[in-house]
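The values are calculated or read from the model by the stated rules, or taken from the named source; none is laboratory data. None of the values given here were measured: they were computed from a predicted structure. No Cβ is skipped: glycine too gets one built from the backbone with ideal geometry, and neighbour counts run over all protein chains shown.
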Amino acid sequence: MREYRDLYNVFYTYGGEKDYQATTDNFDKWLKVHNEERASESSCGYYEDDEEHKNKECICYESADSFTIEDVDIILFNKEEK
Ligand SMILES: [Zn+2]
């Protein structure tokens, strides 16, 4: 039996709604990668060269308090296949 006790479900939260994002063992690193992906896709809608987007205050970069984190307790029974 393999157990994972250090995993967290990450939800984007807005107006009382929760939107599942990912399960991770490191929220800070996940948020960094998440924001880098958003920035590389220009999720803000600006063009890559626009000052608004190049600014680190761009809405591409979501802050930690936009998310809720919940503990996960996953217990797996199937053998790991080699
Ligand atoms: Zn942007």
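Given Asn78, Asn9, which one is modelled with pLDDT of 95 or more and not small (Gly, Ala, Ser)?
From the options Asn78, Asn9, the qualifying one is Asn9.
Got a number for residues in the range 26-58 being more than 30 Å from Asp6 (Cα to Cα) and assigned to a helix (DSSP H, G or I)?
Number of matching residues: 4.
Which residue pairs have Cβ atoms under 7 Å apart, sit 6 or more places apart or on different chains, and have a first residue in the range 24-35 that is exposed (fewer than 13 other Cβ atoms within 10 Å of the Cβ) and a second that is assigned to a strand (DSSP E or B) and not charged (D, E, K, R)?
Every condition considered, the pairs that remain are Asp25/Leu7.
Failed condition for Ser43, given (1) within 11 Å of the ligand (Cβ to nearest atom); (2) of a type in the set (S, T, N, Q); (3) exposed (fewer than 12 other Cβ atoms within 10 Å of the Cβ), with all others met?
(3)
Given the conditions (1) exposed (fewer than 14 other Cβ atoms within 10 Å of the Cβ); (2) in contact with a Ser or Thr (Cβ under 6 Å, 6 or more places away or on another chain), which single one is not true for Asn9?
The failed condition is (1).
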